[in-house]
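Asks: Below you will find the structure I want to go over with you.
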Amino acid sequence: MVEPCTLPCKHIFCIQCINQQIMNKTQCPMCRQDFQQNYLPQIDTDLQSKIKLKYPQKFEERNEELKQQGLLEGNLVKVKFMYGNDHKLIPNPKKLNSQHLGEEIENKHTWTVFVRIVKSQGQIIGNEAKKFISKVKFGLHPTFGATEQTVQQEPFQMTKIGWGTFEVPIEIHFRRETGKRDKVTLSHYLSFNGHGETKWFTVTFDKEKLEQMSI
Ligand SMILES: [Zn+2]
Ligand SMILES: [Zn+2]
């Protein structure tokens, strides 16, 4: 193991494996202990030094292998984002005649779909979403009179008043300087339950590229 990670529960995994495991559920695969949603695995550098001392040749071989594959965690920065929607009820909503439904409905839900940053590993360039994201495109139900809305500055969110839920496509584009060319495409089904619903996802960036960014 070249890049060991000691979890809060003290179980040890290789960081590539644990990153995969906790992508959707921040929990130890061994003892099932739940970690905070913003937990990001870090390389245990003390343990790493010990392994390197004990097995110098094997360490170098494996290190080179991971490097060739672009998997060496030490060269990467993980950033955790959250997306979803907030929701509030409007006290005295307007009544509307919906052509779409053919009946009278109450326009009583105010909601905000958002993409926010949770945490960046190593905190190299801070925790503002705009340092990573150039724009976010939110899809809309045709009854809103437009099929999408593009947000090019923080906060990356869209607020509307409506009467029904629908699937909101979310397209996240990253700043050129981050070296991330491919966009992330997600989909969020609006939730009008209580305060809404939030999910998480992690994006990997090249550490060197981020360090070169002038911000
Ligand atoms: Zn592994
Ligand atoms: Zn554990």
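Asks: Given H placed on each backbone N at 1.01 Å, which residues far from Gln33 in sequence or on other chains put an amide H within less than 5 Å of it?
Replies: Amide H neighbours of Gln33, under 5 Å, 5+ apart: Cys28.
Asks: Accessible area of region 77-212 with a 1.4 Å probe: how many percent of it is carbon plus sulfur? Walk me through the intermediate numbers first.
Replies: On the way: 3340 of 7570 Å².
So the carbon and sulfur contribution to the accessible surface is 44 percent.
Asks: Per-residue accessible area for Asp182 at 1.4 Å probe radius, Å² rounded to 10?
Replies: Per-residue accessible area (Asp182): approximately 100 Å².
Asks: Ordering Ile133, Ile43 by how much accessible area each has at a 1.4 Å probe, largest first, what is the list? Mind showing how you got there, number by number?
Replies: Values: Ile133 5, Ile43 45 Å².
Solvent-accessible surface, decreasing: Ile43, Ile133.
Asks: Using only alpha carbon positions, build the gyration tensor of the chain, then give the equivalent ellipsoid semi-axes as the square roots of 5 times its eigenvalues, largest first, whole angstrom. Don't skip to the end; give the middle numbers.
Replies: Details: eigenvalues 360, 75, 32 Å².
The equivalent ellipsoid of the chain has semi-axes of 42, 19, 13 Å.
Asks: If Cys31, Cys14 are ordered by their accessible area, calculated over protein heavy atoms with a 1.4 Å probe, which sequence runs from highest to lowest?
Replies: Cys31, Cys14
Asks: Hey, another quick one. I'd like the GluC sites (Glu not before Pro) in region 69-167 restricted to DSSP loop residues with at most 13 other Cβ atoms within 10 Å, sorted by number. Please list the in-between numbers first.
Replies: Details: sites: Glu73, Glu103, Glu104, Glu106, Glu128, Glu148, Glu167; in loops: Glu128.
Hits after loop and neighbour filter: Glu128.
Asks: Sort Thr178, Thr159 from largest to smallest accessible area, using a 1.4 Å probe on the heavy atoms of the protein chains. Let's see the in-between values first.
Replies: On the way: Thr178 5, Thr159 75 Å².
Output order, biggest surface exposure first: Thr159, Thr178.
Asks: Here are some pairs, Lys25/Lys135; Lys94/Lys137; Lys58/Lys131; Lys67/Lys131; which of them have Cα atoms lying more than 30 Å apart in this structure?
Replies: Numbers: Lys25/Lys135 27 Å; Lys94/Lys137 28 Å; Lys58/Lys131 38 Å; Lys67/Lys131 26 Å.
Table pairs above 30 Å Cα-Cα are Lys58/Lys131.
Asks: In addition: Per residue of region 72-78, in order, report the coupling 6.51 cos²θ - 1.76 cosθ + 1.60 (Karplus, θ = phi - 60°) as ³J(HN,Hα) in whole Hz, putting x for Gly and Pro.
Replies: Computed from phi, the couplings for region 72-78 are 5, 4, x, 9, 10, 10, 9 Hz.
Asks: I've got another one for you. Taking H placed 1.01 Å from N in the peptide plane, check which residues at least 5 places from Gly196 or on another chain put their amide H under 5 Å from its amide H.
Replies: His87
Asks: Right, another one. Tell me the per residue accessible area of the chain using a 1.4 Å probe; a whole number in Å² is fine. If you can, show how the numbers build up before the last one.
Replies: Numbers: 12850 Å² over 215 residues.
Per residue, the chain has 60 Å² of solvent-accessible surface.
Asks: Once phi is turned into θ = phi - 60°, what whole-Hz ³J(HN,Hα) does the Karplus curve with 6.51, -1.76 and 1.60 give for every residue of region 42-56, x standing for Gly and Pro?
Replies: Going residue by residue, I get 10, 6, 7, 5, 4, 5, 4, 4, 5, 5, 4, 5, 6, 10, x Hz, with x marking Gly and Pro.
Asks: Just read off the accessible area of Tyr189 with the full protein assembly in place, 1.4 Å probe, to the nearest 10 Å².
Replies: Surface open to solvent at Tyr189 totals about 120 Å².
Asks: Something else now. List every residue whose amide H lies under 5 Å from the amide H of Val168, counting only residues 5 or more places away in sequence or on a different chain, with H placed 1.01 Å from N in the peptide plane.
Replies: Under 5 Å from the amide H of Val168 lie the amide H atoms of His188, Tyr189, Leu190, each far enough along the sequence or on another chain.
Asks: In addition: Can you pull the Rg over Rh of region 4-71, Cα-only, Kirkwood?
Replies: Numbers: Rg = 13.2 Å, Rh = 13.0 Å.
Ratio of gyration radius to Kirkwood radius: 1.01.
The values are calculated or read from the model by the stated rules, or taken from the named source; none is laboratory data. Small disclaimer: the values here were computed from a predicted structure and weren't measured. Methodologically, a virtual Cβ is constructed for each residue, glycine included, from the backbone with ideal geometry; neighbour enumeration extends over all protein chains shown. To get the accessible areas, we keep the full protein, side chains included, count just its heavy atoms, and leave off ligands, DNA and RNA. Shrake-Rupley method; radii C 1.70, N 1.55, O 1.52, S 1.80 Å.
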